[in-house]
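Here's the structure we're looking at; comments come further down.
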Amino acid sequence: MSKPKKLVIIGGCGHVGLPLGIVFANSGIEVVLLDVDAQKIALVNSGKMPFMETSADEALQNVVGRLLTATADPSCLKNADAAIAVLGTPVDEHLNPTVTDLYRSIDSAIDLMADNALFVLRSTVYPGVTKLVQERIRNRGRRVHVAFCPERIAEGKAMEEIGGMPQIISAFNPEAMQRARELFTLINDDLIELSPLEAELAKLFTNSWRYLNFAISNQFYLIAESCGLDFYRIYDAVTCRYPRMKSFARAGFTAGPCLLKDTLQLSAFAENNFFMGHAAMLVNEGLPNFLVSQLRKDGLADRTVAILGMAFKADSDDKRESLSYKLRKLLAIEAKEVLCSDPYISDESFVPADEAIRRADIIVIGAPHSAYRNLLVPQGKKVVDVWGSFVGKAEDQSLAAAAAGSRSL
Ligand SMILES: NC(=O)c1ccc[n+]([C@@H]2O[C@H](COP(=O)([O-])OP(=O)(O)OC[C@H]3O[C@@H](n4cnc5c(N)ncnc54)[C@H](O)[C@@H]3O)[C@@H](O)[C@H]2O)c1
């Protein structure tokens, strides 16, 4: 095996690229993070993470300036043994996958890369994109090897999961597969080999599975709460000492940059014959609407509502596609006032959590940050906690007590 010596990560200062770059640099290889965001590049080069990621700050400081640098200069690709692309792959306004920007970035990267270098696609892509990338490279008269090796980490757990979970690798020929093996063996000794189309579907199945899994919990939440029952009393009962319900997720705002768009990518690939995916979208995206319709029963026009937690998940500063923003939009039409709060997102319109609680009549937990667990809520205020994140906490005046008393809407 010949060890690659220099790796460029395209989109390297993002949520996937940066933790990956840190882990590769930590294995002893030279890593250059190529990005277009000057602010993120400056932060990374000064040893600061541009976003929250558990255990990444210290790990970054250990390698930055020595084995890891960030740059906007694409010429770093010229003498790289390998490049990994982790650019965003959003769906468009018609909910269809878009590849134009991805292709443009890949074309200009490939033109700079040396013959026999390895190009790894790591973004989650529409099935068949890896093959089209390979054909584009051939049509440009270049001899760069192509592999598709999807990222499967959950944000916030990247540092432990990159090397701690099996890595799927795929390529079209033995030479490219061997190059992918040599690269990923540096950070993971548990490699699973598939064909590119299998690997593309494996990634979309993974995210769609999670999206549907959350949707069934949210559907059950809607059913229980619609008839005035506390979903979490039933949830606790059915999961108690009953192994077959182990994978029953808690309800919550199912959002973020990946799960919905990847379910839609799979649906587009299945020519829209992915009815369960579409049903899951209606349930998950409909949850804020359900909360508003329940709150409307007690009157909203003269009430102030506070949303605590605007990130898409707990203890994160990532607000991409967060359903808290959809809830804010819906409430703004009907409520007297909507206050938003999040300790991790800087926004001049937000207020601190204690002020939000003091001024609001109704408090909705948008993201169950652990910082909220011990907040005090005066008697008489309604707390809506879809996540059931405070169940079992017994402090009388705490949010836990308020939630336990009035989580059912
Ligand atoms: N976020 C996750 O938890 C996660 C997990 C698994 C897979 N993925 C997939 O990984 C991919 C990237 O997601 P992300 O969350 O890291 O996105 P991100 O937006 O955090 O990162 C993308 C980075 O690419 C940079 N960029 C944009 N255009 C560029 C260009 N032309 N050249 C160089 N850099 C450029 C951006 O500045 C940004 O830093 C997506 O396909 C996503 O579906 C994400």
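Values in this text are rule-based calculations from the coordinates and carry no lab data. Note that this is a predicted model, so its numbers are computed, not measured. Here the Cβ positions follow ideal geometry from the backbone for every residue, glycine too, while neighbour counts run over all protein chains shown.
Before moving on, here are some points about what is shown:
- The Rg/Rh ratio of region 224-264, with both radii computed over alpha carbons and Rh defined as the Kirkwood radius, is 1.10.
- The protection proxy used here, the mean number of other Cβ atoms lying within 10 Å of each residue, ranks peptides 363-370, 336-343, 131-138, 91-98 as follows, highest first: 363-370, 336-343, 131-138, 91-98.
- Per-peptide average of other Cβ atoms within 10 Å, ordering 35-48, 229-242 highest first: 35-48, 229-242
- Compactness index (Cα Rg / 2.2 N^0.38 Å), region 236-290: 1.40
- By average C-beta atoms within 10 angstrom, highest first, the peptides 373-380, 118-125, 139-146: 118-125, 139-146, 373-380
- Cross-link partners of Lys336 among lysines (Cα-Cα below 22 Å; sequence separation of 8 or more within a chain): Lys297, Lys326, Lys381, Lys382
- Two-decimal Rg/Rh across region 18-147, once Rg and the Kirkwood Rh are taken from alpha-carbon atoms: 0.98
- The H on the amide N of Phe148, modeled in the peptide plane, is under 5 Å from the matching H of Leu121, Ser170, Ala171, each at least 5 residues off or on a different chain.
- At 0.692 mPa s and 37 °C, Stokes D of region 69-145 from Kirkwood alpha-carbon radius, µm² per second: 249 µm²/s
- 5 angstrom amide H check on Ala82, placed H, neighbours 5+ away: Lys6, Val8, Leu118
- Estimated at 0.36 nm per residue, the fully extended path between Ala301 and Gln39 surpasses their Cα-Cα distance by 90.1 nm.
- Cα-only Debye scattering, region 213-327: base-10 log of I(q)/I(0) at q = 0.10, 0.21, 0.23 Å⁻¹: -0.36, -1.27, -1.34
- Point-to-point label distance, Leu201-Ile333, nm (Cα→Cβ direction, 7 Å offset): 4.0 nm
- Length added when fully stretched, Asp236-Asp347, from 0.36 nm per residue minus Cα-Cα: 36.3 nm
- The chain: proportion of alpha-carbon pairs further apart than 40 angstrom, %: 24 percent
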